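S.K.: Here it is, the structure in full.
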Amino acid sequence: MSKTREHLQGVDESYFEHMGHALTYSGRLLVAGFACAIHAFLPSRCATTASSEINRLQAEITARKTGTN
């Protein structure tokens, strides 16, 4: 069995369901990264934006893994 198929079965998602989740997380992380870059130059801006988003993502991913979402 391919590693891709094993992974998709492990997370109980179709290819496109998995793609949707991964792209959504990717977009949210890009926004968080951009907020971090803004904060680097303007420390009074976006002080908790990136860390708050990362914490939300971690909670969502953990809930998906445990089936408590």
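Values in this text are rule-based calculations from the coordinates and carry no lab data. Please read these numbers as outputs of a predicted model, since none were measured by experiment. Note that we place each Cβ from the backbone using ideal geometry, even for glycine, and neighbour counts take in every protein chain shown.
S.K.: Counting other Cβ atoms within 10 Å, which GluC sites (Glu not before Pro) in region 1-38 have at most 13 and lie in a DSSP loop?
M.R.: none
S.K.: Turning to a different aspect of this structure: How big is the charge dipole of the chain about its Cα centre, in debye rounded to the nearest 20, if each Lys and Arg gets +1 on its Cβ and each Asp and Glu gets -1 on its Cβ? Can you show the working numbers first?
M.R.: On the way: 7 positive and 6 negative charges, 36 e Å.
With only Lys, Arg, Asp and Glu charged at Cβ, the dipole is about 180 debye.
S.K.: A follow-up question, please. In the chain, which trypsin sites (Lys or Arg not before Pro) are in a loop and have at most 13 other Cβ atoms within 10 Å, using DSSP for the loop call? All intermediate terms of the calculation are to be shown ahead of the outcome.
M.R.: On the way: sites: Lys3, Arg5, Arg28, Arg45, Arg56, Arg64, Lys65; in loops: Arg45.
Those that pass, being in a loop and sparsely packed, are Arg45.
S.K.: With labels modelled as points extended 7 Å from the Cα through the Cβ direction, what inter-label distance (nm, one decimal) is found for Gln58 paired with Val31?
M.R.: Calculated label separation equals 2.0 nm.
S.K.: On a 0 to 90 degree scale, rounded to 10, what angle separates helix 15-41 from the longest Cα axis of the chain?
M.R.: Roughly 10 degrees between the two axes.
S.K.: For the chain, what is the convex hull volume of the alpha-carbon atoms per residue, in Å³? Don't skip to the end; give the middle numbers.
M.R.: On the way: hull volume 5.7 nm³, N = 69.
Dividing the Cα hull volume of the chain by its residues yields 83 Å³.
S.K.: List the residues whose amide H sits under 5 Å from the amide H of Cys46, counting only those 5 or more places along or on another chain, with H placed 1.01 Å from N in the peptide plane.
M.R.: none
S.K.: Set Lys and Arg Cβ to +1 and Asp and Glu Cβ to -1, take the dipole of region 3-66 about its Cα centre, and tell me which of His7, Gly33, Cys46 lies farthest positive.
M.R.: Towards the positive end, the residue furthest out is Cys46.
S.K.: Net charge around Ala50, counting only other residues with Cβ within less than 15 Å of its Cβ (Lys, Arg = +1; Asp, Glu = -1)? Kindly include the intermediate steps, with their values, before the conclusion.
M.R.: Details: positive: Arg28, Arg45, Arg56; negative: Glu53.
After counting each charged neighbour, the total is +2.
S.K.: Tell me the relative contact order for region 3-66 as a rounded percent, counting alpha carbon contacts under 8 Å between residues six or more apart. Numbers along the way, then the final one.
M.R.: Details: 26 pairs, mean separation 16.5, N = 64.
About 26 percent, as a whole number.
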